[in-house]
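Only one structure is covered here, and it is reproduced in the block below.
The values are calculated or read from the model by the stated rules, or taken from the named source; none is laboratory data. Remember, it's a predicted structure, so these values are computed and weren't measured experimentally. Here the Cβ is made from the backbone with ideal geometry for all residues, glycine too, and neighbour counts use every protein chain on show.
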Amino acid sequence: MGGRVSLRAIRGHDLTTIEAWYEEASRAAFEDRELEELPYQASAETAGVLAVERVGEDEPIGLLEYVASDGWLAVPFIALAKVYRGWGYGSEAVRLLEEWALREGIAQRFRAEVDVRNGLGLYFWLRLGYRPAGLGEFGWHEQGEAARMAMVRTHDNG
């Protein structure tokens, strides 16, 4: 399976569509992040937020935030509109981002942070070949009331 989604920069007219599903999607990811908090204007090579859209359609069905540093590409946040969850679109979006990072030489190691209360989120990353980080890698950390766990994958093991 593949080729059903693409990633692109967010355009001004996307915000109306995103606002319609974002609040629920953010809560489902246990993030509760305000749309205005996402770093849209970050450097395209090292950080940003991309729209996830189905191929052939010009409407975002999700958002994927990424940050690249020291050979790592982190995905701190991914959210899809409810009707598009469970169909593999999120997995495809992550794989596209990883392929881009590998092709451009930006990263060979990948990390995602998941709220430990989000069982579906943990399962999502496990299915993509990620594993919980060891204590010497990233481990757990607290943000307010939410404990987060780092999930990692390297190009040579995934």
For segment 90-103, give me each residue that is surrounded by fewer than 19 Cβ atoms within 10 Å (Cβ to Cβ) and either within 20 Å of residue 131 (Cα to Cα) or touching a residue at least 24 places away in the same chain (Cβ under 8 Å) (or both). 91, 95, 96, 99, 100, 102
Breaking point among (1) more than 27 Å from residue 9 (Cα to Cα); (2) of a type in the set (Asp, Glu); (3) modelled with pLDDT of 90 or more, for residue 137: (3)
Go through segment 110-131 residue by residue and tally those that are modelled with pLDDT of 90 or more and not in a helix (DSSP H, G or I). 7
